[in-house]
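J.: Sharing a structure, written as structure tokens. Questions coming.
The values are calculated or read from the model by the stated rules, or taken from the named source; none is laboratory data. A quick note: this is a predicted structure, and the numbers were derived from the prediction, not measured. FYI the Cβ positions are ideal-geometry reconstructions off the backbone, even for glycines, and counts take in every protein chain you see. Calculation scope for accessible area: heavy atoms of the full protein, side chains included, ligands and nucleic acids excluded. Shrake-Rupley method; radii C 1.70, N 1.55, O 1.52, S 1.80 Å.
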Amino acid sequence: IMPGIYALVADNVTAASMQDVALEDLLGRDPIQVNMEEIYSFIADKVIMVTGGGGSIGSELCRQIAKHHPKQLIIFDIYENNAHAIGLELKDEFPELKLEVLIGSVRDSKRINQVFAKFKPDIVYHAAAHKHVPLMEQSPCESIKNNALGTYKTAYAAMMNGCQRFVLISSDKAVNPTNIMGASKRLCEMIIQTFDRKIRDGSAKNLRPLCAYEENACVDTVNAVQKPKTEFVAVRFGNVLGSNGSVVPRFKQQIAKGGPVTVTHPDIIRYFMTIPEAVSLVLQAGVYADGGEIFVLDMGEPVHIDTLARNLIRLSGLQPDIDIKICYTGLRAGEKLYEEKLMSEEGLRTTPNNLIHIGSPIPFDSDEFLRKLQQLMSVAYEGQEDLIRTLVAEMIPTYHPSVEPALQAQAEEPVHST
């Protein structure tokens with residue numbers, strides 16, 4: 001961590017001269033271990049598809065899956081640069097891997113169905129999503145179109161093409177959401193539970209493709225499987241250290257520039273894991289799935305973001321408030337002081353891994369939900385931002401926006417710590 005002795009003697013130490021800080025050092029605990037043998041037997045010789053495969057979680061899913069000898073790995077992403085990068089990495093490290101890197105959007109019904117019809121994936125890890133809370137507050141219709149409606153379209157394609165298991169990557173922000181991003185992820189969970197219920201009670205025929213206001217609208221349902229058996233599950237966890245656009249890379253950039261490091265609130269806390277930890281638990285939760293579950297990952301004790309920032313400064317060989325100033329900028333629109341892993345209505349069941357729990361489903365009217373979802377799609381594609389929040393609140397009783405969208409542009413003046 002510390003620079004060389006000559007730099008110290010010469011009093012020529014800057015943040016740029018510091019070595020990279022190991023993310024594990026910021027957690028204050030030992031790394032999580034999982035039973036990789038269970039995962040190996042589950043993944044081996046299967047066709048695996050990862051949507052959002054170029055993102056932080058998606059690319060790590062691809063890395064860990066590639067180690068376990070899948071029959072074929074399909075990376076599906078809208079952003080070509082990230083998809084291309086992980087594709088090259090995997091080809092170099094696993095030259096025998098049968099790999100397909102495909103560009104497309106989960107919003108595009110026709111494209112996603114073409115991919116499923118051609119490759120017939122056995123297991124899908126659905127990681128494609130918009131995730132940045134402030135950006136989604138400014139563009140709520142995009143959040144709903146990409147996260148909720150994209151999940152429905154991908155789930156529908158999976159069911160139609162005989163997929164065995166569909167694993168949704170969810171978020172603790174789906175619990176009692178105060179922002180549209182978290183609400184969109186809660187809708188994703190409800191979509192997954194609706195598909196599972198319809199399959200179990202034999203009414204999957206009532207599920208219909210969503211027809212959007214786009215060129216590539218619905219596809220034929222003629223080739224629908226007669227008795228779909230796809231198991232739909234969700235895995236919910238908190239923040240991951242080092243993901244694209246997350247707080248730690250941001251802090252590192254600010255430290256490298258000499259500060260200040262910006263924290264929204266001195267009391268704000270979050271649950272954290274490293275990306276490999278979260279992904280390994282996602283893979284193991286997928287092994288335990290029976291259909292309809294929301295798996296909740298135990299991420300340990302929550303971390304104060306202020307403490308995280310100060311520790312990162314210290315691990316970089318500098319002193320907070322002396323070498324690097326910390327300033328508090330105020331909570332952003334829709335941002336909570338703390339996140340929750342379970343809603344009060346949910347209980348917990350255990351799994352063979354004591355770090356993976358199962359939340360009991362919250363009952364809701366699936367048919368009414370599907371009717372509202374069709375209405376939500378129309379509102380989203382028409383760009384009715386005010387109406388979309390109202391409709392989402394009707395669909396999710398626990399969604400309570402904490403800040404009016406109009407106030408978002410009114411940024412508070414930064415306050416420096418003393």
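J.: Which length gain, in nm to one decimal place, applies between residue 256 and residue 41 when the Cα-Cα distance is subtracted from 0.36 nm times their residue separation?
T.: 73.0 nm
J.: Counting only protein heavy atoms and using a 1.4 Å probe, what share of the accessible area of the range 252-361 belongs to carbon plus sulfur, as a whole percent?
T.: 51 percent
J.: Let me spell out the model: positive unit charges on the Cβ of Lys and Arg, negative unit charges on the Cβ of Asp and Glu, origin at the Cα centre of the range 264-321. What dipole size does that give, in debye rounded to 20?
T.: 280 debye
J.: In bins 5 Å wide, starting from 0, what share of all Cα pairs of the range 238-304 does each bin hold, as a percent?
T.: Pairs per bin, as whole percents: 3, 14, 19, 20, 16, 11, 7, 5, 2, 1, 0.
J.: Taking the Cα centre of the range 61-109 as origin and charging only Cβ (+1 Lys, Arg; -1 Asp, Glu), how large is the dipole, in debye to the nearest 20?
T.: The dipole of the range 61-109 has a size of about 200 debye.
J.: Related question: Given an 8 Å cut-off on Cα distances and at least 6 residues of separation, report the relative contact order of the range 258-338 as a percent.
T.: 58 percent
J.: Determine how large the accessible area of residue 369 is when every protein chain is in place; take a 1.4 Å probe and give Å² rounded to the nearest 10.
T.: Probe radius 1.4 Å; accessible area of residue 369 about 10 Å².
J.: Further, regarding this structure: Which of the listed residues, 155, 168, 188, is farthest toward the dipole's positive end in the range 155-210, when Lys, Arg count +1 and Asp, Glu count -1 at the beta-carbon?
T.: 155
J.: Loop only per DSSP, at most 16 neighbouring Cβ atoms within 10 Å: give me the trypsin sites (Lys or Arg not before Pro) in the range 53-141, ordered by residue number.
T.: 67, 71, 98
J.: Any idea how far apart residue 85 and residue 138 come out in nm if each label point goes 7 Å out from Cα toward Cβ?
T.: In this crude label model, residue 85 to residue 138 measures out at 2.2 nm.
J.: Residue 94 versus residue 301, label points 7 Å from Cα toward the beta carbon: distance in nm?
T.: 3.7 nm
J.: Another question, then. Working out 0.36 nm times the residue gap between residue 201 and residue 314, then minus their Cα-Cα distance, what length gain in nm do you get to one decimal?
T.: Contour length minus the Cα-Cα distance gives 35.0 nm.
J.: Give the accessible area for residue 304 in Å² (nearest 10); use a 1.4 Å probe, count only protein heavy atoms, and leave out ligands, DNA and RNA.
T.: 80 Å²
J.: Still on this model: What is the spin-label model distance, in nm, from residue 394 to residue 378 if the labels are put 7 Å beyond Cα along the C-beta direction?
T.: Modelled inter-label distance: 1.0 nm.
J.: Considering only C-alpha atoms, what is the centroid distance from the range 280-302 to the range 364-391, in Å?
T.: The distance from the Cα centre of the range 280-302 to that of the range 364-391 comes to 29 Å.
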